[in-house]
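Visitor: Please read through the structure below; I'll follow up with questions.
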């Protein structure tokens with residue numbers, strides 16, 4: 001992440017439609033990787049931003065990951081603008097004709113708009129119309145490698161200035177902005193330019209039957225193509241003079257070092273001076289992406305879990321620096337100090353400062369309770385500047401910031417507040433799951449404590465990775481894909497644990513289920529013969545769905561309308577998928593709640609390891625038909641009930657045709 005200050009000229013300020021109170025803009029820029037395996041990094045970045053600059057390769061076009069990123073952005077109510085990158089490849093390697101290049105651009109814009117209209121809320125939604133349109137200036141074109149870029153606005157300004165110079169008319173900022181906007185409409189789509197008359201036309205042929213060039217090709221791509229071809233043919237002396245004339249005509253000032261360059265280096269230098277990428281992109285960001293004051297009004301309901309009218313919600317909605325502090329930590333960033341992290345996040349309301357005493361609330365915090373809640377002062381506030389950090393005294397709402405001293409109280413994410421009755425900010429939803437797992441161990445057994453400590457740090461530093469210790473004592477790392485795992489293992493070996501490690505081949509977890517009902521009733525007696533359970537699997541389908549989330553309630557009243565019946569939901573110990581659910585439908589009318597709860601530990605113990613290969617169970621319902629328990633509590637303790645329940649549940653599965661369920665890895669190949 002980096003913070004940039006950019007000042008717009010008076011002429012450029014006239015293009016901004018939202019409210020503004022000055023010409024200076026502070027832009028908090030967060031770079032996130034594009035690979036699908038690092039989708040969690042994109043999610044963490046989107047949570048703390050208001051706008052997204054979506055970069056698309058203009059040669060390969062819109063890919064699957066572009067769709068994923070756009071879908072995530074729209075779900076978080078982030079407004080996108082588009083940048084078409086790698087134009088240098090289209091010019092130099094593929095050598096496309098101007099019309100072919102225009103059609104490529106047009107196709108990419110259409111594809112992106114299809115995705116936005118599919119997942120967006122339409123013009124009636126809280127964000128309004130977020131479709132991208134080159135005519136509005138929300139699409140950039142250029143080459144990141146060569147450092148040049150433009151929007152239609154840059155060329156429209158050049159031509160408006162040229163026509164104004166001919167007429168010697170002095171325009172004020174708002175009139176000039178209108179002229180530029182009118183010109184931008186003429187530079188895209190089916191608009192053509194007649195060089196003979198110097199007029200724009202909607203017809204592709206002139207009155208005398210000549211074919212007219214498209215304005216985008218004639219007035220934008222042609223000058224770029226000419227510069228490109230002249231830079232490459234400037235090795236011959238007579239072409240050098242022609243190139244120098246063109247450079248002078250375009251008012252490009254090269255220093256003596258750049259003038260001696262030839263070929264690609266010369267093209268790079270000329271284009272960088274003529275169309276600097278920084279100006280084009282920063283203007284597009286400041287003019288078209290919303291400010292925190294604008295964005296938080298429509299993002300508040302998605303960000304905050306509490307009531308919409310409490311102090312915290314109102315502070316977030318108004319982006320009020322005088323309101324209670326509300327800050328979301330989206331990521332832990334490792335520091336140069338071994339084992340410590342900067343808590344990286346965004347201030348949505350209030351002001352965060354060094355020494356401020358705050359409430360640190362983890363994702364499991366419940367208002368009114370003390371679990372996952374810490375009252376601590378902030379040791380230091382820092383500003384992220386690329387690889388470096390700068391100390392800063394206080395940071396108002398709408399900005400991103402790093403906190404020192406918070407990392408020991410949060411695992412990955414959390415909420416920082418000064419409001420006593422504040423609820424949590426909503427947890428992030430990832431578009432991928434950590435399904436690929438590897439087992440790791442230290443090559444030298446004496447390094448085991450270092451490995452354990454390294455795994456804790458790894459789990460903290462990556463938003464998605466899961467580090468699990470199996471009952472067998474095996475250390476498991478779960479990631480989104482093989483590349484994600486490879487990076488995690490490299491970080492573990494080189495940065496976090498700093499020891500040589502051995503790793504297994506990547507594996508995925510299976511699930512166990514049953515394919516039919518039990519054919520017999522299963523009976524189990526406790527070791528002391530004073531307690532017994534009678535149960536069977538009555539139907540494979542369980543009530544409700546075996547979804548992707550862990551069940552929160554342990555038991556509830558049954559659905560069979562039998563007095564005193566209970567449906568008991570047995571939890572897993574947070575396995576990798578968190579998708580398993582087993583139900584005990586306790587039908588015995590005389591069964592008491594306390595007895596139902598006594599069955600849970602046995603269910604949980606059995607659930608973690610199934611019958612066939614000790615994998616988690618999924619989508620199985622058990623009916624407990626009869627339970628006989630000893631009247632004396634000492635004879636029906638955990639030591640008696642747990643093994644009894646486990647044996648009975650095992651027997652039910654074995655009589656109901658147990659099966660293995662294999663995970664499906666869904667990919668789209670282009």
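Visitor: Restricting to the range 514-529, give me the number of residues that are under 49 Å from the mean Cα position of the chain (by Cα) and buried (at least 20 other Cβ atoms within 10 Å of the Cβ).
Guide: Applying the first criterion (under 49 Å from the mean Cα position of the chain (by Cα)) to the range 514-529 yields 514-519, 522.
In the following step, the residues that additionally are buried (at least 20 other Cβ atoms within 10 Å of the Cβ) were identified as 514, 518, 522.
So the answer is 3.
Visitor: Moving on to the next point. Output the residue which, of all residues in the range 530-550 that are surrounded by 16 or more Cβ atoms within 10 Å (Cβ to Cβ) and within 30 Å of residue 476 (Cα to Cα), is modelled with the lowest pLDDT.
Guide: 550
Visitor: Within the range 449-460, can one find any residue that is under 21 Å from the mean Cα position of the chain (by Cα) and in a strand (DSSP E or B)?
Guide: Checked against the condition, which is being under 21 Å from the mean Cα position of the chain (by Cα) and in a strand (DSSP E or B), the range 449-460 yields no hits at all.
Visitor: Mind checking whether some residue in the range 178-196 is touching a strand residue (DSSP E or B) at 6+ places or on another chain (Cβ under 7 Å), buried (at least 18 other Cβ atoms within 10 Å of the Cβ) and in the same structural domain as residue 59 (by TED's automatic domain parsing)?
Guide: No, every residue in the range 178-196 fails to be touching a strand residue (DSSP E or B) at 6+ places or on another chain (Cβ under 7 Å), buried (at least 18 other Cβ atoms within 10 Å of the Cβ) and in the same structural domain as residue 59 (by TED's automatic domain parsing).
Visitor: Does residue 230 fit the bill of being surrounded by 15 or more Cβ atoms within 10 Å (Cβ to Cβ), within 44 Å of the chain's Cα centre (by Cα), assigned to a loop (DSSP other than H, G, I, E, B) and modelled with pLDDT under 80?
Guide: The answer is no for residue 230.
Visitor: When you scan the range 438-450, how many residues do you find that are out of contact with any helix residue (DSSP H, G or I) (no Cβ under 8 Å at 6 or more places or on another chain) and under 16 Å from residue 485 (Cβ atoms)?
Guide: The initial filter retains those residues of the range 438-450 that are out of contact with any helix residue (DSSP H, G or I) (no Cβ under 8 Å at 6 or more places or on another chain), namely 439, 443-450.
Subsequent filtering for residues that are under 16 Å from residue 485 (Cβ atoms) retains 439.
Summing the residues that are out of contact with any helix residue (DSSP H, G or I) (no Cβ under 8 Å at 6 or more places or on another chain) and under 16 Å from residue 485 (Cβ atoms) in the range 438-450 gives 1.
Visitor: Would you confirm whether or not the range 368-379 contains a residue that is touching a strand residue (DSSP E or B) at 6+ places or on another chain (Cβ under 7 Å), under 19 Å from residue 41 (Cα atoms) and surrounded by 14 or more Cβ atoms within 10 Å (Cβ to Cβ)?
Guide: Of all residues in the range 368-379, those touching a strand residue (DSSP E or B) at 6+ places or on another chain (Cβ under 7 Å) come to 372-379.
With under 19 Å from residue 41 (Cα atoms) added as a condition, the list becomes none.
No, that holds for no residue.
Visitor: Taking the range 77-105 as the region of interest, how many residues are surrounded by fewer than 22 Cβ atoms within 10 Å (Cβ to Cβ) and part of a loop (DSSP other than H, G, I, E, B)?
Guide: So the answer is 6.
Visitor: So for the range 164-173 (the condition being in contact (Cβ under 8 Å) with a residue 40 or more places away in the chain, assigned to a helix (DSSP H, G or I) and under 26 Å from the mean Cα position of the chain (by Cα)), does at least one residue qualify?
Guide: Keep residues of the range 164-173 that are in contact (Cβ under 8 Å) with a residue 40 or more places away in the chain, which gives 173.
Checking the rest, the ones that are also assigned to a helix (DSSP H, G or I) come to 173.
Those left that are additionally under 26 Å from the mean Cα position of the chain (by Cα): none.
No, the conditions are met nowhere in the range 164-173.
Visitor: Would you call residue 484 closer than 30 Å to residue 647 by Cα, in contact with a helix residue (DSSP H, G or I) (Cβ under 7 Å, 6 or more places away or on another chain) and buried (at least 17 other Cβ atoms within 10 Å of the Cβ)? Reasoning before the result, please.
Guide: Details: closer than 30 Å to residue 647 by Cα: no; in contact with a helix residue (DSSP H, G or I) (Cβ under 7 Å, 6 or more places away or on another chain): yes; buried (at least 17 other Cβ atoms within 10 Å of the Cβ): yes.
For residue 484, the condition - closer than 30 Å to residue 647 by Cα, in contact with a helix residue (DSSP H, G or I) (Cβ under 7 Å, 6 or more places away or on another chain) and buried (at least 17 other Cβ atoms within 10 Å of the Cβ) - is not met.
Visitor: Another one. I'm trying to understand the selection: among the residues of the range 1-16, which are closer than 12 Å to residue 282 by Cβ and in contact with a helix residue (DSSP H, G or I) (Cβ under 7 Å, 6 or more places away or on another chain)?
Guide: Within the range 1-16, 6, 8, 12 qualify.
Visitor: Which residues, counting only those in the range 42-57, are surrounded by 21 or more Cβ atoms within 10 Å (Cβ to Cβ) and more than 17 Å from residue 130 (Cβ to Cβ)?
Guide: 42, 43, 44, 45, 47, 48 - these are the residues of the range 42-57 that are surrounded by 21 or more Cβ atoms within 10 Å (Cβ to Cβ) and more than 17 Å from residue 130 (Cβ to Cβ).
Visitor: If I filter the range 498-512 down to residues being touching a helix residue (DSSP H, G or I) at 6+ places or on another chain (Cβ under 9 Å) and modelled with pLDDT under 85, which single residue comes out as surrounded by the most Cβ atoms within 10 Å (Cβ to Cβ)? So that I can check it myself, show each step before the final result.
Guide: Kept after step one, since they are touching a helix residue (DSSP H, G or I) at 6+ places or on another chain (Cβ under 9 Å), are these residues of the range 498-512: 498-501, 503, 506, 512.
Subsequent filtering for residues that are modelled with pLDDT under 85 retains 506, 512.
On the way: 506: 17, 512: 23.
Looking at the filtered set, the residue picked out is 512.
Visitor: Quick check on residue 118: is it in a helix (DSSP H, G or I) and free of Cβ contacts under 8 Å to residues at least 24 places away in the same chain?
Guide: Values: in a helix (DSSP H, G or I): yes; free of Cβ contacts under 8 Å to residues at least 24 places away in the same chain: yes.
Against the criterion (in a helix (DSSP H, G or I) and free of Cβ contacts under 8 Å to residues at least 24 places away in the same chain), residue 118 qualifies.
Visitor: Looking at the range 411-421 only, could you name the residues that are in contact with a helix residue (DSSP H, G or I) (Cβ under 9 Å, 6 or more places away or on another chain) and under 21 Å from residue 394 (Cβ atoms)?
Guide: Of all residues in the range 411-421, those in contact with a helix residue (DSSP H, G or I) (Cβ under 9 Å, 6 or more places away or on another chain) come to 411-413, 417, 419, 421.
Selection gives 417, 419.
The values are calculated or read from the model by the stated rules, or taken from the named source; none is laboratory data. Predicted model, so just to flag it, every value in this text is computed and none were measured. For neighbour counting, all protein chains shown are included, and Cβ atoms are generated from backbone atoms with ideal geometry for every residue, glycine included.
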